[in-house]
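See structure below.
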Amino acid sequence: MSRVHVAIIGGGLVGASLALALQDSARQRGWRIALIEPFAPGSGYQPSYDARSTALSYGSRLIYERLGLWQGIAQRAEPIQRIHVSDRGRFGATRLQAIEEGVPALGYVVENAWIGHCLWQALDADVVEWRCPAEVSAMQRLDDGYRLTLSDGASLECDLAILADGGRSALREQLGIGVNVKPYGQSALIANVSPLEAHRGQAFERFTDDGPMALLPLSDNRCALVWTRASADAERLLAISAASFLGELQQAFGYRLGALQQVGARHLYPLSLVEAQEQVRPHLVVLGNAAHSLHPIAGQGYNLSLRDTLALAEVLIGSEGPLGDFATLQRYQQRQQLDQQLTVGFSDQVTRLFSNAQPLLSAGRNLGLLGLDLLPPAKRWFARQAMGLGTRSL
């Protein structure tokens, strides 16, 4: 029976970021970290037109700078210099600009595979042990930690188990951790598209009576599309030809970037706000999408998870108690509670307000967008939320 100090269940971007955030202190203290992941990370990065991407806020850049990773990520990070927020068919709009906020970019769009590649390259095999490909099939609570049963029959004990295995975590359910679920009755259609004109680092958030859409700048003059529609209509858009799809997208988005010329593979994700009812127990932390899954339109989900990850690492490193000590884990949760409440609330309210065709709400959000453009304090607050700086200073 082998034992490690920290077992991170899920070696995706959140789990690997936590391993990196703990790595230096773990090396000094002799902590052994196991990263358990069903899909082996590739040894090399392969660019692809259809690569999925993540919008990193400016706050997330600051975190990755602290972890010594930003220089690598920046090689394929497309800066968002401006965000144009509009309501289709109405005059209200607001424009956020990096130069007005005093930052080099409001955020960055990066392919997930590239972030993963940079993370995996930065992990020290002497400190972080990959168990891959491997899955945890069962978890047994011990007095001093957890015993994990792996899918190949092997067992592993740990002082602290981190559950970072995604929004549909089977282990979360197995442990009896309930979730609060708010279905939006919508699905997000995700694809990469290429416009005729250069995007010049501009992102678009466009709200329509059928649901919000975002078009984010990617490298090679591609744009990452997140198009929210009623679930049945999203299924229809998934099934139609590429030419028909581009035609409908063009009609909904307009010609701000000229003609839309190419669309890659389309993917569909049903949307709900999912929050775990418990994020900490003695010797256990629920992290990432397993803790909270947000609507993608406001681009807040991964950035919130990354802030949680850094806060957890700092609390663990700064604690004088043993790893897995419940009081220490409660301090982490208390530290992040306000950030989580504000970010989840911001994401949820934006989604509900801008996915409603009722005339009064439509008029209200139109005036709200216009007001944001005219009122610098309100616009600055909105910009700070979008940059992931809502509860912290630069």
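The values are calculated or read from the model by the stated rules, or taken from the named source; none is laboratory data. A quick note: this is a predicted structure, and the numbers were derived from the prediction, not measured. Cβ: placed from backbone, ideal geometry, glycine included. Neighbour counts: every protein chain shown. Just so you know, the surface numbers come from the protein's heavy atoms only, side chains and all, with ligands and any DNA or RNA stripped out. Shrake-Rupley method; radii C 1.70, N 1.55, O 1.52, S 1.80 Å.
Counting only helices (runs of 4 or more DSSP H) that sit wholly inside the range 1-117, those with at least 2 residues that are open to solvent by less than 10 Å² (accessible area, probe 1.4 Å) and modelled with pLDDT of 90 or more are 13-29, 58-66.
Would you be able to say whether some residue in the range 202-220 is in contact with a Leu (Cβ under 7 Å, 6 or more places away or on another chain) and at pLDDT 95 or above? Within the range 202-220, none of the residues are in contact with a Leu (Cβ under 7 Å, 6 or more places away or on another chain) and at pLDDT 95 or above. For the range 301-312, the criterion of being touching a helix residue (DSSP H, G or I) at 6+ places or on another chain (Cβ under 7 Å), part of a helix (DSSP H, G or I), among the acidic types (Asp, Glu) and modelled with pLDDT of 95 or more is satisfied by at least one residue. One residue stands out among those in the range 288-300 that are of a type in the set (S, T, N, Q) and at pLDDT below 90: the one that is most open to solvent (accessible area, probe 1.4 Å), which is 293.
For the range 206-239, the tally of residues that are out of contact with any Lys or Arg (no Cβ under 8 Å at 6 or more places or on another chain), of a type in the set (Gly, Ala, Ser) and farther than 23 Å from residue 49 by Cβ stands at 3. Among the criteria (1) surrounded by 16 or more Cβ atoms within 10 Å (Cβ to Cβ); (2) under 24 Å from residue 309 (Cα atoms), the one residue 194 does not fulfil is (2).
Of the residues examined, residue 338 is not one that is touching a His at 6+ places or on another chain (Cβ under 6 Å) and either surrounded by fewer than 18 Cβ atoms within 10 Å (Cβ to Cβ) or outside any helix (DSSP H, G or I) (or both).
Inspect the range 158-167 for any residue being at pLDDT 95 or above, open to solvent by 10 Å² or more (accessible area, probe 1.4 Å), touching a helix residue (DSSP H, G or I) at 6+ places or on another chain (Cβ under 7 Å) and among the hydrophobic types (A, V, I, L, M, F, W, C) and give the result as yes or no. The answer is yes; a qualifying residue exists. Being in a strand (DSSP E or B) and open to solvent by 20 Å² or more (accessible area, probe 1.4 Å) is true of residue 183.
Scanning the range 119-136 for residues that are open to solvent by 60 Å² or more (accessible area, probe 1.4 Å) and either part of a loop (DSSP other than H, G, I, E, B) or over 16 Å from residue 6 (Cα atoms) (or both) yields 120, 121, 125, 126, 133, 135. Checking the structure you have, find out if any residue of the range 148-157 is crowded, with 21+ Cβ neighbours inside 10 Å and either in contact with a Phe, Trp or Tyr (Cβ under 6 Å, 6 or more places away or on another chain) or part of a loop (DSSP other than H, G, I, E, B) (or both). The answer is no, given that none of the residues of the range 148-157 is crowded, with 21+ Cβ neighbours inside 10 Å and either in contact with a Phe, Trp or Tyr (Cβ under 6 Å, 6 or more places away or on another chain) or part of a loop (DSSP other than H, G, I, E, B) (or both).
If you go through the range 174-209 and keep only what is of a type in the set (D, E, K, R) and in contact with a strand residue (DSSP E or B) (Cβ under 6 Å, 6 or more places away or on another chain), you end up with 182, 205, 206. Screening the candidates 271, 306, 257, 246 for the property of being open to solvent by 10 Å² or more (accessible area, probe 1.4 Å) and touching a residue at least 60 places away in the same chain (Cβ under 8 Å) yields one hit, 271.
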